[in-house]
Amino acid sequence: MKKKITKASDKRRSQYIRVLLQKDSKELNFCVLGAGHGGLAMAGHLALNGFRVNLYNRGRKRIRTVIQRKGIKVEGEVKGFGKIEFASNNIKECLKETDILMVVVPAVAHRFIAQACAPYLKEHQIVVLNPGRTGGVLEFYNVLKEHGIKRFPFIAEAQTFLYASRALGPAHAKIFSIKNTVPLATLPAYWIPGVLKVVNRAFPQFIPGDNIFKTSFENIGAVFHPALTILNAGWIEETHGDFEYYVQGASESIAQVLEKLDKERLEVAAALGIKVMSAKRKVYGVNVDDQQCLISVCQSVLGDHRSLGRTKPGLYAHKVALRQRLCGANGHNSCQRMPCAIAWRKGVILVGGQQAPGIRFERSFLQDDQVGIAL
């Protein structure tokens with residue numbers, strides 16, 4: 001019976017993909033959820049490219065100027081004024097007649113967005129987490145499941161964020177650069193080709209990822225952000241974040257801690273049969289010397305983020321900023337586990353014959369036919 005239900009569901013969902021592909025590309029309706037640095041850039045860029053875009057934000061104050069001006073000014077690699085069809089803090093209205101939802105919020109907000117969307121999501125819609133961070137799709141799926149959803153939308157995650165951007169004002173974004181390629185994966189993995197064909201009509205930069213575990217474990221932000229913040233807590237409190245985060249905050253001893261965290265990330269991924277690059281190779285490139293200390297990566301490469309205004313991690317007293325850093329591994333229990341781990345409710349991953357601390361998965365996600373990975 002379960003196989004018959006799955007077969008019927010897959011047939012129905014395949015038809016949804018065909019319908020979306022039959023639409024003229026400019027008839028695709030997008031909703032960008034989140035009006036921060038990334039959300040403004042993505043919404044403005046989509047609008048400049050001729051797509052119909054709604055913009056949702058939890059608080060109305062942040063999007064008031066977008067509502068008044070009816071659009072977003074974009075400068076940098078992309079220039080112009082992007083007209084926004086509808087901007088609101090009413091998520092029900094924002095999701096009406098929407099084909100693709102681009103979720104552009106910090107990892108700690110994925111749960112809130114899933115909860116807010118749950119009553120209004122339709123099976124034909126595509127939800128993309130930009131990015132998923134570590135386990136973002138798993139969390140989003142389980143929140144929908146908790147809300148009694150029977151027919152799920154397509155849920156995907158990007159391995160990293162497409163843009164390097166900053167909000168210069170409440171309706172003004174600067175795009176410093178757009179990545180050439182960003183892996184994208186779905187749950188389950190066999191929907192990657194169909195979803196990608198639809199999303200590529202707006203974003204040709206997305207390429208097929210192997211599966212959501214690969215995109216999750218490639219999240220090197222989970223190595224850098226939590227440890228750097230915790231180990232610089234005193235300095236952050238003293239200076240209110242007025243220091244160069246990756247340069248002054250990455251001392252030799254702190255870099256050694258980052259090396260250990262990254263080593264654990266690689267080992268956990270390997271235990272799942274997933275090959276991921278080290279943080280050094282991810283940032284520096286494949287020709288980096290493995291003996292080179294991670295401190296040089298922080299100071300010479302990530303330190304260049306100064307050009308993007310990233311000299312401060314935010315006020316430590318600001319709870320949202322703090323949680324965003326500490327939750328680099330994603331999810332509401334992120335602060336209680338190692339940054340490179342994915343935590344969930346059921347099932348246990350064994351590493352070296354022992355239960356890996358804090359690493360839990362929904363059993364159904366470990367099935368070969370569900371995620372496209374053999375264990």
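Residues considered: Glu123, Glu97, Glu75. Of these, the only one that is part of a strand (DSSP E or B) and acidic (Asp, Glu) is Glu75.
Does any residue of the stretch 56-70 turn out to be on the phi > 0 side of the Ramachandran plot and more than 24 Å from the chain's Cα centre (by Cα)? Working first, answer last.
Filtering the stretch 56-70 for residues on the phi > 0 side of the Ramachandran plot gives 70.
Subsequent filtering for residues that are more than 24 Å from the chain's Cα centre (by Cα) retains 70.
Checked against the condition, which is being on the phi > 0 side of the Ramachandran plot and more than 24 Å from the chain's Cα centre (by Cα), the stretch 56-70 yields at least one hit.
Residues of the stretch 203-235 that are of a type in the set (A, V, I, L, M) and either within 19 Å of Glu252 (Cβ to Cβ) or surrounded by fewer than 22 Cβ atoms within 10 Å (Cβ to Cβ) (or both): Ile207, Val223, Ala227, Leu228, Ile230, Leu231, Ala233. Taking the criterion of being under 17 Å from Ile113 (Cα atoms), free of Cβ contacts under 8 Å to residues at least 40 places away in the same chain and part of a helix (DSSP H, G or I), the only residue of the stretch 55-72 that qualifies is Arg60.
Here are some residues: Ile274, Ile207. Which one is in the same structural domain as Glu139 (by TED's automatic domain parsing), within 18 Å of Thr160 (Cα to Cα) and of a type in the set (Val, Ile, Thr)?
Ile207
Taken over the stretch 100-111, the criterion of being outside any strand (DSSP E or B) and either within 16 Å of Gly38 (Cβ to Cβ) or in contact with a Gly (Cβ under 6 Å, 6 or more places away or on another chain) (or both) is satisfied by Val104, Val105, Pro106, Ala107, Val108, Ala109, His110.
Within the bounds of the stretch 59-80, is there any residue that is within 25 Å of His124 (Cβ to Cβ), crowded, with 16+ Cβ neighbours inside 10 Å and assigned by TED's automatic domain parsing to the domain that holds Ala118?
No, the stretch 59-80 contains no residue that is within 25 Å of His124 (Cβ to Cβ), crowded, with 16+ Cβ neighbours inside 10 Å and assigned by TED's automatic domain parsing to the domain that holds Ala118.
Going through Ala8, Ala47 one at a time, which residue ends up being among the hydrophobic types (A, V, I, L, M, F, W, C), at pLDDT 95 or above and either in a helix (DSSP H, G or I) or out of contact with any Lys or Arg (no Cβ under 8 Å at 6 or more places or on another chain) (or both)? Quick ask: steps written out before the conclusion?
Details: Ala8 fails: at pLDDT 95 or above.
Every option except Ala47 fails the conditions.
The values are calculated or read from the model by the stated rules, or taken from the named source; none is laboratory data. The structure presented is a predicted model; accordingly, all values stated were derived computationally and were not measured. As a convention, Cβ positions derive from the backbone with ideal geometry for all residues, glycine included, and neighbour counts pool all protein chains shown.
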